[in-house]
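Here is the structure we will look at, set down as structure tokens.
The values are calculated or read from the model by the stated rules, or taken from the named source; none is laboratory data. These numbers come from a predicted model, not from an experiment. Because the Cβ atoms are built from the backbone with ideal geometry, glycine has one as well, and the counts that use them run over all protein chains shown.
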Ligand SMILES: O=C(O)CCC(=O)C(=O)O
């Protein structure tokens, strides 16, 4: 099954109405919260349009002279990635520690608006409880170069993270348009709530595409089409993947991860290596 739709693909009963659009200081509707709980993700169209120019200019400034800490395509080594000592071997995949390298990114990721979106999702629909940003995962400018990029297989982000509970939510801001063609995300709705066995994943914890049992899940995949300024919220257990960038432009996204009051990183693990930020 291919998913090269030119419009956002959503479950049949889902209609984007004006009431579902969040812009500046607004809270999620119960329809949006229910959608997230059922499918494991939620798109907020145009939610960051007011801040887009500043956030994007900062991304371009940082990428023009990339500084450590960063991750290269060659280091990730996914299919399509250049070798370290070959042409394109210095292509940036992620500028890490986004909240430390940029005040404007930190302010956006910890804003009252971010808290308002995330609180009901990370706290079982009780928005009065607190939200924490974990700076040890994602917390990056995610880039995808048109010349040297790679394919990320189906995976759950929680696979290498260590928390008391697996419930975390990532906030993904599209700084430009994102389509399957330029490496935009594809997700499997509802997979965040599934119970999978370890043999459904390979040795690197990618969801196996050669395993018959997995096919019924893979057939449900949808392409997430984001326009610049759209925000995608998704559960850390949601199966997702993305291809390399087949367009002419570098794709840029900011990604941060959060959890609620009843969750915390396990001491002594990478998930607890840097102190969390309370929103
Ligand atoms: O942009 C991509 O290739 C996928 C990124 C992703 O899924 C991740 O970093 O967890």
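Within segment 257-279, work out how many residues are within 16 Å of the ligand (Cβ to nearest atom) and either out of contact with any strand residue (DSSP E or B) (no Cβ under 7 Å at 6 or more places or on another chain) or free of Cβ contacts under 8 Å to residues at least 24 places away in the same chain (or both).
Final tally of qualifying residues: 1.
Mind checking which pairs have a first residue in segment 140-165 that is more than 20 Å from residue 96 (Cβ to Cβ) and touching a residue at least 24 places away in the same chain (Cβ under 8 Å) and a second that is near the ligand (Cβ under 9 Å from one of its atoms) and part of a strand (DSSP E or B), Cβ under 6 Å, 6 or more apart or different chains?
153/241; 154/241
Report, by residue number, each residue of segment 133-153 that is assigned to a strand (DSSP E or B), in contact with a helix residue (DSSP H, G or I) (Cβ under 9 Å, 6 or more places away or on another chain) and surrounded by fewer than 22 Cβ atoms within 10 Å (Cβ to Cβ).
Listed by number, the list holds a single entry, 152.
If we scan segment 119-127, do we find a residue that is within 16 Å of the ligand (Cβ to nearest atom) and either in contact with a strand residue (DSSP E or B) (Cβ under 6 Å, 6 or more places away or on another chain) or closer than 23 Å to residue 261 by Cβ (or both)?
No, there is no match, as no residue in segment 119-127 is within 16 Å of the ligand (Cβ to nearest atom) and either in contact with a strand residue (DSSP E or B) (Cβ under 6 Å, 6 or more places away or on another chain) or closer than 23 Å to residue 261 by Cβ (or both).
Which ones in segment 140-152 are within 11 Å of the ligand (Cβ to nearest atom) and within 14 Å of the chain's Cα centre (by Cα)?
140, 142, 143, 144, 152
If you check residue 79 against the conditions, is it within 16 Å of the ligand (Cβ to nearest atom), at pLDDT below 95 and assigned to a loop (DSSP other than H, G, I, E, B)?
yes
Being more than 16 Å from the ligand (Cβ to nearest atom) and within 18 Å of residue 278 (Cβ to Cβ) is the filter; apply it to segment 93-108 and report the residue that is surrounded by the fewest Cβ atoms within 10 Å (Cβ to Cβ).
Taking the candidates together, the pick is 103.
Report whether or not residue 29 is more than 19 Å from the chain's Cα centre (by Cα), exposed (fewer than 12 other Cβ atoms within 10 Å of the Cβ) and at pLDDT below 95.
Against the criterion (more than 19 Å from the chain's Cα centre (by Cα), exposed (fewer than 12 other Cβ atoms within 10 Å of the Cβ) and at pLDDT below 95), residue 29 does not qualify.
Taking the options 84, 47, name whichever one is within 13 Å of residue 171 (Cβ to Cβ) and assigned to a loop (DSSP other than H, G, I, E, B).
47
Identify the residue in segment 203-213 that is touching a helix residue (DSSP H, G or I) at 6+ places or on another chain (Cβ under 8 Å) and under 30 Å from residue 173 (Cβ atoms) and, among all such residues, is surrounded by the most Cβ atoms within 10 Å (Cβ to Cβ).
The selected residue is 207.
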